[in-house]
1. Residues B:44, B:95: which one is open to solvent by less than 50 Å² (accessible area, probe 1.4 Å), at pLDDT 95 or above, within 12 Å of another protein chain (Cβ to nearest Cβ) and within 26 Å of residue B:157 (Cα to Cα)?
2. Can you name every residue in the range A:101-112 that is touching a helix residue (DSSP H, G or I) at 6+ places or on another chain (Cβ under 7 Å) and surrounded by fewer than 24 Cβ atoms within 10 Å (Cβ to Cβ)?
3. Among the candidates B:107, B:131, single out the residue that is within 12 Å of chain A (Cβ to nearest Cβ), in contact with a strand residue (DSSP E or B) (Cβ under 8 Å, 6 or more places away or on another chain) and in contact (Cβ under 8 Å) with a residue 40 or more places away in the chain.
4. When the residues of the range A:10-41 are narrowed to those that are over 25 Å from residue B:155 (Cα atoms) and assigned to a loop (DSSP other than H, G, I, E, B), which ends up most open to solvent (accessible area, probe 1.4 Å)?
5. Identify, by number, the condition in (1) of a type in the set (Lys, Arg); (2) more than 10 Å from every other protein chain (Cβ to nearest Cβ); (3) open to solvent by 10 Å² or more (accessible area, probe 1.4 Å) that residue A:140 doesn't meet.
6. Among the numbered criteria (1) without any contact (Cβ under 8 Å) to a residue 40 or more places away in the chain; (2) open to solvent by 10 Å² or more (accessible area, probe 1.4 Å), which single criterion is violated by residue B:89?
7. State the number of residues belonging to the range A:170-186 that are within 14 Å of another protein chain (Cβ to nearest Cβ), surrounded by fewer than 17 Cβ atoms within 10 Å (Cβ to Cβ) and of a type in the set (A, V, I, L, M).
8. For the condition crowded, with 24+ Cβ neighbours inside 10 Å and part of a loop (DSSP other than H, G, I, E, B), what is the one hit in A:127, A:119?
There are 2 protein chains.
Amino acid sequence: MHRTKVTIVEEALDANNTIARANRSDFDRASVKVINFMSAPGAGKTALLERVVADLPGIRVGVLEGDVEGSLDADRLAALHVPVTQLNTSAGFGGECHLDANMVRSALPNVPLGEIDLLMIENVGNLVCPAEFRVGENTRVMVCSVTEGEDKPLKYPLMFRTCELVLINKIDLLPHLEFDLDRLLDNLDQVHPDVARMLVSARTGDGIDAWREWLIEVTRRDREEALAWTSTQP
Amino acid sequence: MHRTKVTIVEEALDANNTIARANRSDFDRASVKVINFMSAPGAGKTALLERVVADLPGIRVGVLEGDVEGSLDADRLAALHVPVTQLNTSAGFGGECHLDANMVRSALPNVPLGEIDLLMIENVGNLVCPAEFRVGENTRVMVCSVTEGEDKPLKYPLMFRTCELVLINKIDLLPHLEFDLDRLLDNLDQVHPDVARMLVSARTGDGIDAWREWLIEVTRRDREEALAWTSTQP
């Protein structure tokens, strides 16, 4: 029974990669850079998007908002007057705990690729399965909140390993936590040595300028640089 | 393609329920009550177990510790001299984001059922899939941290709906957050009206006495009471 299950999963991932490449072709043709944005529930993805999506000089941002149900985050972002497309995994996708390439493909007719330069795909809040499915992105960013403890890179290594940037959020709470930042950074280096990381607070604005600069740089980098990053990934 | 996928998922869940019933028979025969303990990553499941497992008068506790990888939480709990069994979903289970009945069954030979009264199954940190798979538990408890925001019941309704008790953790941080507790409780009532809830802090010990009392009561209640709860569940 186990062997069967593993085979099905591998076939599903193969199909996923095929569709992810098709999505990527569409993004490339429209000259849209795409970021797969991931975290545990409540780590602050939406708040970190709210801080930057309407404030990237010369860059038009769109958001594809993945949730199991509802449109709470999409409503927050739409209030900033950027195009937001809601993608619910409960509607026809069985309440999946992640986005996959086919779900993203099904939403593309509603994403105005011709009118944006950068598409932020906010994945379902989950540190496991979202890391297993490429959706056609150029790169991946994850958010790790200091309230989650220092051990998360060791417990969810694939997520931390497949990201180009780790945003360490809610640093305004550090004075109120028993949290050893050096230990988090050591654990991060254990699973993904020297991965780029930024200390940020969506609430106070600390570190947001660096996050904004990074997004601008990634949106502008050419395909060769992007491929160089991708080729180092598992 | 979609229809096929849905059918496979339904068959998997049927098989899961069959195995969950077999697990439950084994637990009943050994007179062990079982709690499926769930939350998002970093909400404080292990810390809330550390507070009580060695301190339940007349009740011998065992822990089955579910993680994708590693044994960090199991090591913390074993230090309290309770029997802890590690179950990694990466070892032969494809890195699953949840425990299912078959995984739990595979671990049962290593759980000393004859020597415990209460088995706490600490699930993988995830608010989606763990709620979809019964593992043979008598009841379900979830932890929701106030650092995750007020919207989580609306975004992950199945998890909140299938629990008998919601522990609202990290209340020591409330003075430092922009967090509306009444709104969380309203959202909770929207998806699971009148579900039992406790305000706790694993760090300061606030509310831990109530959590301990609840565990004692659940361990001692007879089968009819337990069934009465189960029959009201979806």
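The values are calculated or read from the model by the stated rules, or taken from the named source; none is laboratory data. Small disclaimer: the values here were computed from a predicted structure and weren't measured. All Cβ positions, even for glycine, are placed from backbone atoms using ideal geometry, and neighbour counts span all protein chains on display. These accessible areas exclude ligands, DNA and RNA; they are computed on the full protein's heavy atoms, side chains included. Shrake-Rupley method; radii C 1.70, N 1.55, O 1.52, S 1.80 Å.
1. Values: B:95 fails: at pLDDT 95 or above.
Just a single option satisfies the conditions, and that option is B:44.
2. Of all residues in the range A:101-112, those touching a helix residue (DSSP H, G or I) at 6+ places or on another chain (Cβ under 7 Å) come to A:101-102, A:104-105, A:108.
Scanning the range A:101-112 gives A:101, A:102, A:105, A:108.
3. Values: B:107 fails: within 12 Å of chain A (Cβ to nearest Cβ).
Going through B:107, B:131 in turn, the sole match is B:131.
4. Applying the filter and picking the extreme gives A:31.
5. (3)
6. Condition not satisfied by residue B:89: (2).
7. Selection size over the range A:170-186: 1.
8. On the way: A:119 fails: part of a loop (DSSP other than H, G, I, E, B).
Testing whether each residue is crowded, with 24+ Cβ neighbours inside 10 Å and part of a loop (DSSP other than H, G, I, E, B) leaves just A:127.
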